[in-house]
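Encoded as structure tokens, the structure appears first; notes follow it.
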Amino acid sequence: MKTYTYTEKKDTRSGFGAGLTELGRTNPNVVALCADLIGSLKMNQFIEENPERFFQVGIAEANMMGIAAGLTIGGKIPFTGTFANFSTGRVYDQIRQSIAYSGKNVKICASHAGLTLGEDGATHQILEDIGLMKMLPGMTVINTCDYNQTKAATIAIADHEGPVYLRFGRPAVPIFTPEDQKFEIGKAIKLTEGTDVTIVATGHLVWEALEASKVLFEQGISAEVINIHTIKPLDEKTIIDSVTKTGCIVTAEEHNFLGGLGESVSRTLALHKPTPQEFVATNDTFGESGTPAQLMEKYGLNSTSIVKKAQAVIKRK
């Protein structure tokens with residue numbers, strides 16, 4: 001069994017900041033906008049190096065989306081930055097009408113997603129954003145798993161023509177993907193080979209899936225772990241090929257089970273390969289205040305829950 005280790009933990013939002021800084025040095029059309037959260041979005045270095053290409057909009061997220069849409073008309077590639085809740089739920093109308101409807105080349109970059117925003121609580125956490133964004137026609141939806149992948153994705157989406165939602169987070173998480181990786185939108189990454197159960201995970205749950213696979217291996221269960229960094233467009237072929245071999249699947253995400261990765265996988269399976277499936281996700285609920293670790297434990301978004309779901313779904317084959 002292939003195993004993964006790490007020597008450092010780092011927040012994925014810093015990966016976004018590093019990627020944006022590199023784009024500032026290599027792509028003169030990239031501009032950045034922020035809604036009064038420069039430090040939280042790690043945009044400082046980009047601003048220091050490119051002050052004329054940064055727009056501080058203030059706490060006016062709807063205006064930020066409209067300005068970003070307008071900037072594309074002049075050939076700019078705007079990257080907007082604020083918390084995931086304010087990047088989606090607060091400005092959904094503006095995104096739908098001004099960006100998605102006309103296919104504007106705006107990159108909506110959203111930090112502090114999911115429960116791991118932590119102590120700020122339910123009003124700032126969002127567990128519905130993937131569903132909101134994936135339902136918009138033409139919107140690409142990406143949810144990265146570590147610092148290196150977030151940096152690579154940030155750089156890659158600048159070359160993608162059309163609106164993108166890039167989701168990342170605040171807590172420090174293990175860095176286990178290659179520093180020199182090439183990020184390919186819409187292409188899942190198979191991390192481990194397995195024959196008994198498929199585990200597809202996204203974002204912070206990818207590392208938890210790898211940890212779960214180690215526990216399952218000790219129990220004599222061979223798990224195939226797949227990193228789904230792009231939820232839309234979904235790499236349906238990789239998923240179908242895997243469940244054809246394993247016969248069952250667990251989906252894992254830091255999101256409501258309604259509208260998230262799990263539902264996208266369910267639709268794929270229903271159309272092409274009906275397969276027993278279990279979900280690791282929040283169960284139609286808002287979050288609450290607590291440390292990220294406490295919340296992930298309480299809401300069952302960890303390796304322990306993935307192991308239990310894998311055991312359960314294998315029995316359904």
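Residue by residue, here is whether (1) outside any helix (DSSP H, G or I); (2) more than 24 Å from D129 (Cα to Cα) holds:
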| site | (1), (2) |
| --- | --- |
| E48 | no, yes |
| M64 | no, no |
| T72 | no, no |
| G75 | yes, yes |
| F79 | yes, no |
| T82 | yes, no |
| N85 | no, no |
| D93 | no, no |
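Within region 9-42, the residues that satisfy the criterion of being in a loop (DSSP other than H, G, I, E, B) and either outside the structural domain of G81 (by TED's automatic domain parsing) or crowded, with 21+ Cβ neighbours inside 10 Å (or both) are A35, L41, K42.
In region 155-197, how many are of a type in the set (A, V, I, L, M, F, W, C) and outside any loop (DSSP other than H, G, I, E, B)?
Count: 10.
Sort through E61, E22, E52 and tell me the only one that's of a type in the set (D, E) and closer than 23 Å to G89 by Cβ. Exactly one of E61, E22, E52 is of a type in the set (D, E) and closer than 23 Å to G89 by Cβ, namely E61. Being among the charged types (D, E, K, R) and touching a residue at least 12 places away in the same chain (Cβ under 8 Å) is the filter; apply it to region 234-262 and report the residue that is nearest to K190 (Cα to Cα). Among those residues, the one meeting the criterion is D235. Of all residues in region 61-87, those that are assigned by TED's automatic domain parsing to the domain that holds I108 have Cβ atoms under 6 Å from Cβ atoms of residues that are among the aromatic types (F, W, Y) and modelled with pLDDT of 95 or more, 6 or more apart or on another chain, in E61/F86.
Applying the selection to region 48-81, what residues are of a type in the set (V, I, T) and surrounded by fewer than 18 Cβ atoms within 10 Å (Cβ to Cβ)? I59, I73, listed by residue number.
Scanning region 157-180 for residues that are surrounded by 18 or more Cβ atoms within 10 Å (Cβ to Cβ) and farther than 24 Å from L117 by Cβ turns up just one, A158. Check region 119-139 and report whether any residue there is modelled with pLDDT under 95 and outside any loop (DSSP other than H, G, I, E, B). Yes: region 119-139 contains one or more residues that are modelled with pLDDT under 95 and outside any loop (DSSP other than H, G, I, E, B). Listed here are the helices (runs of 4 or more DSSP H) enclosed by region 258-317 that have at least 1 residues being buried (at least 17 other Cβ atoms within 10 Å of the Cβ) and among the charged types (D, E, K, R): 261-272, 303-315.
The values are calculated or read from the model by the stated rules, or taken from the named source; none is laboratory data. In this text the structure is predicted, and so the values were computed from the model without any measurement. Glycine gets a Cβ as well: all are built from the backbone with ideal geometry, and neighbour counts include every protein chain shown.
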